[in-house]
1. Of all residues in segment 193-227, count the ones that are in contact with a helix residue (DSSP H, G or I) (Cβ under 8 Å, 6 or more places away or on another chain), more than 20 Å from Lys42 (Cα to Cα) and surrounded by fewer than 16 Cβ atoms within 10 Å (Cβ to Cβ).
2. Which members of segment 279-301 meet the condition of being in contact (Cβ under 8 Å) with a residue 40 or more places away in the chain and either assigned to a strand (DSSP E or B) or surrounded by fewer than 17 Cβ atoms within 10 Å (Cβ to Cβ) (or both)?
3. Considering Ile123, Ile159, Ile115, Ile132, which residue is surrounded by 15 or more Cβ atoms within 10 Å (Cβ to Cβ), part of a strand (DSSP E or B) and touching a residue at least 40 places away in the same chain (Cβ under 8 Å)?
4. So, in segment 197-233, of the ones that are under 21 Å from Trp174 (Cα atoms) and of a type in the set (Val, Ile, Thr), which residue ends up nearest to the chain's Cα centre (by Cα)?
5. Would you check which residues across segment 302-351 are among the β-branched types (Val, Ile, Thr), over 30 Å from Met247 (Cβ atoms) and in a helix (DSSP H, G or I) and list them?
6. Quick check: is even one residue across segment 116-126 within 28 Å of Ala333 (Cα to Cα), at pLDDT 95 or above and in contact with a strand residue (DSSP E or B) (Cβ under 7 Å, 6 or more places away or on another chain)?
7. Considering only residues that are surrounded by 12 or more Cβ atoms within 10 Å (Cβ to Cβ) and small (Gly, Ala, Ser), look in segment 307-351 and name the one that is nearest to Tyr268 (Cα to Cα).
Amino acid sequence: MITFYPGPSKVYPQVEEYMQDAYQSGILSVNHRSDVFTQMLKETLDVLITKLDIPSDYEVYFVSSATECWEIIAQSLIVNSSLHIYNGAFGEKWLEYTQKIRPGANGFSFDLNEIPDLDLAGIESGHEVICITHNETSNGTALPNAFLTDLRRYTAKIIAVDATSSMAGYALPWTTADIWFASVQKCFGLPAGMAVMVVSPDAIQKAETVADKSFYNSFLFMRDNFLKFQTPYTPNALGIYLLGRVMQQVSPIIEIGLDLKQRAEEWYSFLTENGYELLVKNELVRSDTVINVLAEKEKITEIKSKAKLAGIQLGNGYGKWKETSFRIANFPAITVTEISLLKNFLLNLPK
């Protein structure tokens, strides 16, 4: 089965070999305070920072999921209030989750074909952290770099970005925000069960001001351990090892980002030229990594059913578009050959 599901999605085929190597190396059985583990963690961090072109003064931590990052930010970087700017289900879930920990969290929603109006969002209304979703997996939108640059110029507040469907697929403008995080089961081409958190010096300073050390995953407690190339918990050693190996094999992020952008443009042209309706009408906010196709409920059911018979798994729609759309992942691990097979399938379907 060829999968275009937008997460968990296709893993790189080399992962099978890397898993065997991990077992044979003995790394899965070593003490996570040992020199062997700390060296492996350091090597993974080094190659990740290099391949993703992360600024040298930013720090990188590994946690269990992007959802855990929501919790860490709420506990360790917010005292009273955060502002969540969103246009889809995952941005809204982040707001709702944060409100359980910090009831003062507020939301500002915008249309999926729009760019948020910073003057209307109320950014300077006492919020400590501004939370945005870079690439909204539920509807196939993405915030352009120009918006991120404008937001950074607009406020000196801490900016946190959920980049779950874009990190390792986009050349991210790291310095426009203070916290970036993503689970690895999408653009990283890895099995689910780990997330990457990238933080700026300003985020570290904010965490020190809040001074939260009440939880096993408190930001400062986690940082204290990562500075020693350790973790505050028994880590996902296999996930860290696999991430390091995959980062060694992939191209620099600038090359990956340009490739995915070109593939996305080709996808959007192909779909519109062949009678498929795109959910996102505004080209400026279309995602490079998650493409959403709109149709009547019966047509969506037919397309997904026939695709499955052809050995192709499409992504379900999400939220209010669950039954009237399907999503196509455009992640780095998906090959040009696989894309051609899906295009041929869609081309030969009766309109």
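The values are calculated or read from the model by the stated rules, or taken from the named source; none is laboratory data. Note that the structure is a prediction, hence the values are computed from the model and not measured. In this analysis, Cβ positions are derived from the backbone assuming ideal geometry, glycine residues included, and neighbour counts consider all displayed protein chains.
1. Looking only at that region, the number is 5.
2. Here is the first cut: in segment 279-301, the residues in contact (Cβ under 8 Å) with a residue 40 or more places away in the chain are 279-282, 284-292.
Passing the criteria: Lys281, Asn282, Leu284, Arg286, Val290, Ile291, Asn292.
3. Working: Ile123 fails: part of a strand (DSSP E or B); Ile159 fails: touching a residue at least 40 places away in the same chain (Cβ under 8 Å); Ile115 fails: part of a strand (DSSP E or B).
Answer to the check: Ile132.
4. For segment 197-233, the residue satisfying everything is Val198.
5. Just the residues of segment 302-351 that are among the β-branched types (Val, Ile, Thr), to begin with: 303, 312, 324, 328, 334-337, 339.
Now restrict to residues that are over 30 Å from Met247 (Cβ atoms): 303, 324.
Scanning segment 302-351 gives a single hit, Ile303.
6. Checked against the condition, which is being within 28 Å of Ala333 (Cα to Cα), at pLDDT 95 or above and in contact with a strand residue (DSSP E or B) (Cβ under 7 Å, 6 or more places away or on another chain), segment 116-126 yields no hits at all.
7. The extreme case among them is Ala329.
Each row is one residue, and each column tells you yes or no for (1) touching a Lys or Arg at 6+ places or on another chain (Cβ under 8 Å); (2) within 25 Å of Asp212 (Cβ to Cβ); (3) in the same structural domain as Val285 (by TED's automatic domain parsing); (4) not in a strand (DSSP E or B).
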position	(1), (2), (3), (4)
Gln75	no, yes, no, yes
Trp94	no, yes, no, yes
Gly107	no, yes, no, no
Ser138	no, no, no, yes
